[in-house]
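*Asks:* Encoded as structure tokens, here's the structure I'll be asking about.
The values are calculated or read from the model by the stated rules, or taken from the named source; none is laboratory data. Treat the numbers as computed from the prediction; the structure is a model and nothing was measured. Cβ sites come from the backbone with ideal geometry, for glycine too, and all protein chains shown count toward neighbours.
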């Protein structure tokens, strides 16, 4: 039984270390010891013998308590890798997921969520996509409306956008969708401007036709 403030020596894997404390299991790297502040609370950490898997069990006695807190302090804390998942072999080591001391995160691999995600804002890094201002270039090959109509009749979706079947099977990048939608809005703007020019021309011709003959 581990007692309050008892030192627990560090040992190599596999090992079993189960202790109960208030909110944290403190480790002092200077003398390689764990400190168990309070045996009455319900925080347990350990590695079951033989499988090398780290387990953290937290049984809070009230809401909004901390299960596992990484606290950074000092002038170097902002860029400290407070938590990192690293892939390594004999010759190379690479950070795959990092949480920095100031709360920033960085990941080099995709995340999969099987539930809705709530975010305040999403940014795409500059240079990762070609924003469709090219639509307004003089040499942009704007398809005719008759060609667009033929494409829709044949494929049942707009040119440059995936079909519903493709999205269902493969998914679709939000950045790609947003870029494609902006491209279509800019193409629609060109169509509207072209139609406006035709309307203005017809108005001018009509006004000439309505002038009284002298």
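*Asks:* Just one of (1) in contact with a helix residue (DSSP H, G or I) (Cβ under 6 Å, 6 or more places away or on another chain); (2) touching a residue at least 24 places away in the same chain (Cβ under 8 Å) trips up residue 158, so point out which.
*Replies:* The single condition residue 158 does not satisfy is (1).
*Asks:* Can residue 100 be described as surrounded by 10 or more Cβ atoms within 10 Å (Cβ to Cβ), farther than 25 Å from residue 161 by Cα, at pLDDT 85 or above and not assigned by TED's automatic domain parsing to the domain that holds residue 181?
*Replies:* Numbers: surrounded by 10 or more Cβ atoms within 10 Å (Cβ to Cβ): yes; farther than 25 Å from residue 161 by Cα: yes; at pLDDT 85 or above: yes; not assigned by TED's automatic domain parsing to the domain that holds residue 181: yes.
It is true that residue 100 is surrounded by 10 or more Cβ atoms within 10 Å (Cβ to Cβ), farther than 25 Å from residue 161 by Cα, at pLDDT 85 or above and not assigned by TED's automatic domain parsing to the domain that holds residue 181.
*Asks:* Any chance you could count how many residues in segment 120-139 are touching a residue at least 40 places away in the same chain (Cβ under 8 Å) and under 18 Å from residue 186 (Cα atoms)? Spell out the reasoning first.
*Replies:* Step one: list which residues in segment 120-139 are touching a residue at least 40 places away in the same chain (Cβ under 8 Å), which gives 122, 124, 128-133, 135-136.
Okay, now just the ones that are also under 18 Å from residue 186 (Cα atoms), so 129-133, 135-136.
Here the count works out to 7.
*Asks:* Looking at this structure, is residue 87 surrounded by 10 or more Cβ atoms within 10 Å (Cβ to Cβ), assigned to a loop (DSSP other than H, G, I, E, B) and not assigned by TED's automatic domain parsing to the domain that holds residue 192? Lay out the reasoning, then the answer.
*Replies:* Working: surrounded by 10 or more Cβ atoms within 10 Å (Cβ to Cβ): yes; assigned to a loop (DSSP other than H, G, I, E, B): no; not assigned by TED's automatic domain parsing to the domain that holds residue 192: yes.
It is false that residue 87 is surrounded by 10 or more Cβ atoms within 10 Å (Cβ to Cβ), assigned to a loop (DSSP other than H, G, I, E, B) and not assigned by TED's automatic domain parsing to the domain that holds residue 192.
*Asks:* Do any helices (runs of 4 or more DSSP H) lying entirely in segment 123-214 carry at least 1 residues that are more than 30 Å from residue 110 (Cα to Cα) and within 31 Å of the chain's Cα centre (by Cα), and which ones are they?
*Replies:* On the way: elements: 145-155, 164-170, 174-209.
Because the criterion is at least 1 residues that are more than 30 Å from residue 110 (Cα to Cα) and within 31 Å of the chain's Cα centre (by Cα), the helices (runs of 4 or more DSSP H) in segment 123-214 that meet it are 174-209.
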